[in-house]
1. Can you give me the Kirkwood hydrodynamic radius for region 94-140, using every pair of distinct Cα atoms, in Å to one decimal?
2. May I ask for the Rg/Rh ratio of region 83-225, computed from Cα atoms with Rh as the Kirkwood radius, given to two decimals?
3. Computing the accessible area with a 1.4 Å probe over protein heavy atoms, can you report the carbon and sulfur percentage for region 178-217?
4. With each pseudo-label sitting 7 Å past Cα toward Cβ, what's the LYS125-THR178 distance in nm, one decimal?
5. Between rounded, prolate and oblate, where does region 150-221 land on the alpha carbon gyration tensor, with a ≥ b ≥ c its root eigenvalues, rounded for a/c under 1.5, else prolate if a/b exceeds b/c?
6. Give, as ranges by residue number, the residues of region 200-240 whose backbone N falls under 16 Å from the point 7 Å along Cα→Cβ of ARG67.
7. In vacuum, with every alpha carbon of region 43-148 counted as one equal point scatterer, what does the Debye formula give for log10 I(q)/I(0) at q = 0.14 Å⁻¹? Two decimals, please.
8. Summing +1 for each Lys or Arg and -1 for each Asp or Glu, what net charge is found among the other residues whose Cβ lies under 10 Å from the Cβ of LEU83?
Amino acid sequence: MPLSSPGQRNITKRLEIFVLKRGAMADSSAANCSLDTFKKSNKSAVVIIPPTEVWLQIQSIRSIHDRAYKRWMPHINLLYPFLEDDQGGHCFSEAAAMLSSTLAEVHQFKVVFHRNSFRGFRHGKSWTLWLKPEVDERSESSDATDLQLTDYSDVHKGIVELHGRLETAFLLCDDLRTISGSFTPHLSLGQFRPNEIEKFVAETRSKWEPITFAVNEVHLISRKSFEAPFKIRHSIKLHE
């Protein structure tokens, strides 16, 4: 996709890292990252992945209800779609270098999923159930009878700041904000019919054990085809 219009010149400057090897070493691998062929892909993303030791409750739901279970690991999208991962992985390596620089001063933070973290997106005749990342356990104490599946307020400030830094660095990858008008961090659990979701959430909340983990890195992931599972290609540590 040519990036030659006046309004895109700043974007071009921010993407130069993908077309030039550091130290002006322009070789055949760098040629694979030409701005003239740059495009986003639904086969790549930048994500937060909870540590595997807290997956049990999440995966027990996803394995039954999430049609993307075999393709996606448990995750919170930060940028999706993202830069296309070329065959040799050269563009992704350059993206990882830029991510490392962008996140150099971002500190690690905590995420909690408790029994009041369940939320949903309505899609016509179906719902997507998801977990809302919480800063701590305090909001669990409010035992509202209304499940409030569409209360998207009080978003996790650490994740929103992280997303903002990434979007500033990768200006073309703003889909998660522009499609819905705002960025809503979430971890998807599955798809449900309208007459099923409230009963399921009520039953699941009654036995849910709080999940707490530290976000100490973000991951660049990609897949070779739309049916293939995502794989971690690069991990970028956050500041302690």
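The values are calculated or read from the model by the stated rules, or taken from the named source; none is laboratory data. The structure presented is a predicted model; accordingly, all values stated were derived computationally and were not measured. Cβ coordinates were reconstructed from backbone atoms using ideal geometry, including for glycine residues, and neighbour counts include every protein chain displayed. SASA here: full protein model, heavy atoms, side chains in, ligands and nucleic acids out. Shrake-Rupley method; radii C 1.70, N 1.55, O 1.52, S 1.80 Å.
1. On the way: mean 1/r = 0.0736 Å⁻¹.
Here the Kirkwood hydrodynamic radius works out to 13.6 Å.
2. Numbers: Rg = 17.4 Å, Rh = 17.2 Å.
We get a ratio of 1.01 for region 83-225.
3. Numbers: 1010 of 2220 Å².
The value for region 178-217 is 46 percent carbon and sulfur by accessible area.
4. The answer from the label model is 3.2 nm.
5. Details: a/c = 2.48, a/b = 1.65, b/c = 1.50.
Verdict is prolate for region 150-221.
6. Once the point is set 7 Å along Cα→Cβ of ARG67, 226-228 turn out to lie under 16 Å by backbone N, inside region 200-240.
7. Normalising to I(0) and taking log10 leaves -0.77.
8. Values: positive: LYS39, LYS40; negative: GLU84, ASP85, ASP86, GLU94.
Neighbourhood net charge equals -2.
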